[in-house]
1. Could you list, in sequence order, all residues of segment 150-174 that are modelled with pLDDT under 90 and not charged (D, E, K, R)?
2. Please tell me if Ala51 is open to solvent by less than 20 Å² (accessible area, probe 1.4 Å), more than 20 Å from the chain's Cα centre (by Cα), farther than 23 Å from Phe27 by Cβ and not hydroxyl-bearing (Ser, Thr, Tyr).
3. Could you tell me which residue of segment 115-125 is nearest to Phe190 (Cα to Cα), considering only residues that are out of contact with any Phe, Trp or Tyr (no Cβ under 6 Å at 6 or more places or on another chain) and crowded, with 18+ Cβ neighbours inside 10 Å?
4. Considering only segment 101-114, state which residues are open to solvent by 30 Å² or more (accessible area, probe 1.4 Å), within 27 Å of the chain's Cα centre (by Cα) and touching a residue at least 40 places away in the same chain (Cβ under 8 Å).
5. Quick check on segment 26-33. Is at least one of its residues assigned to a loop (DSSP other than H, G, I, E, B), hydrophobic (A, V, I, L, M, F, W, C), over 26 Å from Ala237 (Cβ atoms) and open to solvent by less than 40 Å² (accessible area, probe 1.4 Å)?
6. Scan segment 113-127 for residues that are over 16 Å from Leu166 (Cβ atoms) and either part of a strand (DSSP E or B) or modelled with pLDDT of 90 or more (or both) and report the count.
7. Can you tell me which condition Leu142 does not meet? The list is (1) modelled with pLDDT of 90 or more; (2) under 19 Å from His88 (Cα atoms); (3) buried (at least 20 other Cβ atoms within 10 Å of the Cβ), and all the others hold.
8. Might you check whether a residue that is surrounded by fewer than 16 Cβ atoms within 10 Å (Cβ to Cβ), at positive phi and touching a residue at least 60 places away in the same chain (Cβ under 8 Å) occurs anywhere in segment 87-100?
Amino acid sequence: MKRNEKIVLAVIVAVFTLVYIVAECAFEMTDQRHEYQNGLPIFIICFLITAYYSFRYHGFKKWEAYTTLLFGSAFFWLGIVTTTDKLHYLYDAMVHKQDEAVVKVLSVKKHFVKSSFSYTNVVISYDNNEVEMQTSRINFFLLEHKKNIRIVIGKADGYGYYVTKLYDEPGERSAARYKYWKFWWSRNWFWPAALLAFILVVALMVKFGKPPKTYNYNEIRDKKPVSFWRMMAILMAVLLSLALLLYVGLIAYVYLVHGGCPHCNFWK
């Protein structure tokens, strides 16, 4: 990859990251119903661009080209879609005035991806409509018992509503943050414990393992290095294998030791 192309790639990643951070700071809730309304044409464009560079640098016979095409087009498409959506809301919030209103909370629900708490769905009554919005996981514990909330709300044409401010009483957000992390730990304590155990095992192996062998540094120096994409594929395979083993171990632990988990959906 040429120097100019690396700069362009770095700029694209920086823009995606910057827009994500700004949007996370600017909005309390957003309407995500129209996020993927142009998803198919955007994916086709992303796929074609990624295919051009993949086969240009790796050719048609190397598996690195297809690995790059698979993961590169997916990440490129996801970045474009989410960034475009957030830019619409940011632009509207800058050029149009929002309204302050007290709205009725109709429902507050956790949204799970597999067994992981991903985000919160909030349905409010505003402008004689039921508006479904997406907010953070912490805000679930802030809103779960509220009947009415005071917010600053706006609407982006073609992209729905957004909330830039959610009023709360002193101490409520800190209490909600504490409840979230308590909930997170009750469901995910196994992962930091497993990571700590893995680090401990590696440390013990390094400390009490066999002394290092004597290496021929001339052979190491002359040996052809493993390509970046092959190393990336190997690393992803190892990480996925470890994640699968940990997942199976967690299921076995829950069902053998505790007889099951009524609140966990391992198979959905």
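1. Matches in segment 150-174: Ala156, Gly158, Tyr159, Gly160, Pro170, Gly171, Ser174.
2. Working: open to solvent by less than 20 Å² (accessible area, probe 1.4 Å): yes; more than 20 Å from the chain's Cα centre (by Cα): yes; farther than 23 Å from Phe27 by Cβ: yes; not hydroxyl-bearing (Ser, Thr, Tyr): yes.
Considered against the rule, which asks whether it is open to solvent by less than 20 Å² (accessible area, probe 1.4 Å), more than 20 Å from the chain's Cα centre (by Cα), farther than 23 Å from Phe27 by Cβ and not hydroxyl-bearing (Ser, Thr, Tyr), Ala51 comes out as yes.
3. Val122
4. Phe112, Lys114 - these are the residues of segment 101-114 that are open to solvent by 30 Å² or more (accessible area, probe 1.4 Å), within 27 Å of the chain's Cα centre (by Cα) and touching a residue at least 40 places away in the same chain (Cβ under 8 Å).
5. First, pick out the residues of segment 26-33 that are assigned to a loop (DSSP other than H, G, I, E, B): 27-28, 31-33.
If we keep only those that are hydrophobic (A, V, I, L, M, F, W, C) too, we end up with 27.
Checking which are over 26 Å from Ala237 (Cβ atoms) leaves us with 27.
Checking which are open to solvent by less than 40 Å² (accessible area, probe 1.4 Å) leaves us with 27.
Scanning segment 26-33 turns up at least one residue that is assigned to a loop (DSSP other than H, G, I, E, B), hydrophobic (A, V, I, L, M, F, W, C), over 26 Å from Ala237 (Cβ atoms) and open to solvent by less than 40 Å² (accessible area, probe 1.4 Å).
6. Of all residues in segment 113-127, those over 16 Å from Leu166 (Cβ atoms) come to 113-118, 127.
Narrowing further to those that are either part of a strand (DSSP E or B) or modelled with pLDDT of 90 or more (or both): 113, 116-118.
Qualifying residue count for the region: 4.
7. Result: Leu142 fails condition (2) only.
8. no
The values are calculated or read from the model by the stated rules, or taken from the named source; none is laboratory data. Everything quoted here is computed from the prediction, not taken from an experiment. Note that each Cβ is placed from the backbone with ideal geometry, even for glycine, and that neighbours are counted across all protein chains shown. Quick note on the areas: whole protein, heavy atoms, side chains included, nothing else; ligands and nucleic acids left out. Shrake-Rupley method; radii C 1.70, N 1.55, O 1.52, S 1.80 Å.
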